[in-house]
Amino acid sequence: MTTKFQTNLSRRSLWRRRITYTSAQKESIMQNKPNFPQFCAKNSYLEEKQTHSNPIFRVFFLTHFAHSPQSNPICSELACTACPELVKGNIIEVSNLFKTTPAFCELFLFLTFPYPGYNLAMQKWTIQKLLNWITEYLTKKRIDSPRLSAEILLSGVLSMQRIDLYTQFDKQVSQEHLQRLHDLVKRAAQNEPVAYLLGKTEFYSLQFNITPDCMVPRPETELLTERAIEFLRTRPEKQLICDLCTGSGCIAIAIAVNCPHARLIATDICDAALSVAAKNLEKYHLKERIKLLCGDLFDPLVPHLDVEKFDLIVCNPPYVSAAEFENLAQNITDYEPKLALFAGVDGLDTYRRICEKADAFLKPDAALMMEIGYSQGHPVRQLLEQTGCFDEIKIEKDAQNNDRIITAKKHKH
């Protein structure tokens, strides 16, 4: 019976060929005198269970690969199975042999990209080629935003701005960078967030250190930050702001950078997250303007001792319900801290506690701004109305037309 490894070559299907070399032939290759056709004299098709007689290498390939190599990326596992000797380092024989066979060169490069040390002698991996390859690979792994992930990974490894990748398309990537990139791409394909892989992320045009102790800041949260900055610019100088559930400190720092007269107190229940925030404060020289306190919401604040009252309380709290948590993407549930996401059965636990105590910490005519879930506008509005402390409550939608920001302004008197 014909197996998938024994189909007729004319059918352009997957097939396997064994090439066995004599010592003289190997010596000829080592002397840079390849003559591939002569070396194929001992070619033979193999039965699926037939053992190999210690060949220098074996190779799988698609007969149509030479016609459209870009549409047939081949995984690293295949390279390890088909060419174990390559993994052990017999690169001289392969590179010399393939100098006269371009189709085999293309196949070999795709087989061994995850092992860049084996193919650097045969091809210059440029930024453009890597961007295209990584994008296609992550697309096949069904990773969200594969092109963006490829750009962030490559720019992070090369210590470049993303825009610079497109102005230096032909720049060759070193072997050291390729080795690191391989490890990161492999982990990204397993749904590990790119921000955790690189240990940094961008938010509100600022770079932040990030670890799995903190939730990765989302683009939607930039809307909350923008509205907070706009509100503070309408206030007199020397504003005082409280950032609850600060995490990496991204909201507090973005506000401080854009409002030079603002002073902030940022709280978080996770001491490890505050350690990340402290590094970010140091990076932007804001330790004198932002005070970090460890504790649950308002608990670490002592009224009339730490502060009088705030001009603004801003918060991106946990707001994922039990049902929503079960349906979150794997890259969130497997890697991001549950403490920063889950907020009880209905997702409103944290909002209830904030609404109960916010009045005691707000100046007259001050504001409470919070990020909310896509369907939480109405229930959170009800919680705020029940306090009787706020004149104006406004819900704002994001670019996807989902509820995203709720702003409540306290009575003026």
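Tell me, Kirkwood radius of segment 193-281 from alpha-carbon pair distances, in Å? Walk me through the numbers before you get to the answer.
On the way: mean 1/r = 0.0755 Å⁻¹.
Final number for the Kirkwood radius of segment 193-281 is 13.2 Å.
Compute the FRET efficiency between Asp271 and Glu326 as 1/(1 + (r/R0)^6), taking r as their Cβ-Cβ distance and R0 = 41 Å, and round to the nearest 0.05. Let's see the in-between values first.
On the way: r = 28 Å, r/R0 = 0.69.
Efficiency, rounded to the nearest 0.05: 0.90.
Hey, for a label at Asp346 modelled as a point 7 Å past Cα toward Cβ, could you say which residues of segment 386-413 have their backbone N under 16 Å away?
Within reach of a label on Asp346, which here means backbone N under 16 Å from a point 7 Å along Cα→Cβ, segment 386-413 contributes 386-387.
Rg and Dmax of segment 127-190, using alpha carbons, in Å: what are they?
Final numbers for Rg and Dmax: 10.8, 30 Å.
Taking the number of other C-beta atoms within 10 Å as the exposure measure, put Thr246, Thr234 in order starting with the fewest. Working shown, then result.
Working: Thr246 29, Thr234 6.
Ordered by Cβ neighbours within 10 Å, fewest first: Thr234, Thr246.
First measure r as the distance between the Cβ atoms of Glu226 and Ser145, then evaluate 1/(1 + (r/R0)^6) with R0 = 25 Å and state the FRET efficiency to the nearest 0.05. Present the calculation step by step, with values, prior to reporting the outcome.
On the way: r = 22 Å, r/R0 = 0.88.
Calculated value: 0.70.
What ranking of Tyr284, Tyr319 emerges when the number of other C-beta atoms within 10 Å of each C-beta is taken as an exposure proxy, fewest first? Don't skip to the end; give the middle numbers.
On the way: Tyr284 17, Tyr319 23.
Going from least to most buried by this count: Tyr284, Tyr319.
Assuming 0.36 nm per residue, please report the length gained on full extension of the stretch Phe169 to Ser375 beyond their Cα-Cα distance. Please report the intermediate quantities before stating the final value.
Working: separation 206, 0.36 × 206 = 74.16 nm, distance 4.33 nm.
My answer for the length gained is 69.8 nm.
Can you pick out the pairs among Lys279/Lys338; Lys129/Lys200; Lys140/Lys394; Lys338/Lys394; Lys279/Lys410; Lys186/Lys287 whose Cα atoms lie more than 32 Å from each other?
On the way: Lys279/Lys338 22 Å; Lys129/Lys200 24 Å; Lys140/Lys394 42 Å; Lys338/Lys394 29 Å; Lys279/Lys410 34 Å; Lys186/Lys287 37 Å.
Beyond 32 Å between Cα atoms: Lys140/Lys394; Lys279/Lys410; Lys186/Lys287.
Can you give me the distance in nm between label points at Asp365 and Arg187, each placed 7 Å from the Cα along the Cα-to-Cβ direction?
That separation, rounded to one decimal, is 5.1 nm.
Pop the C-beta distance of Gln207 and His411 into the FRET formula with R0 = 30 Å and round what comes out to the nearest 0.05.
On the way: r = 40 Å, r/R0 = 1.32.
Result of the calculation: an efficiency of 0.15.
Taking a temperature of 4 °C and a viscosity of 1.567 mPa s, what whole-number D in µm²/s does Stokes-Einstein yield for segment 211-410 with Rh from Kirkwood over alpha carbon pairs?
77 µm²/s
Going by C-beta contacts inside 10 Å, put Arg404, Arg227 in order with the fewest on the left.
Numbers: Arg404 22, Arg227 19.
The most exposed by this proxy come first: Arg227, Arg404.
How far apart, in nm, are the 7 Å Cα→Cβ label points at Thr126 and Glu308?
Placing both labels 7 Å along Cα→Cβ, they lie 6.3 nm apart.
None of the figures in this text is laboratory data; all of them are computed from the coordinates on show. Here the structure is a predicted model, which means the values were calculated and not measured. Please note: Cβ atoms are built from the backbone with ideal geometry, for glycine as well, and neighbour counts cover all protein chains shown.
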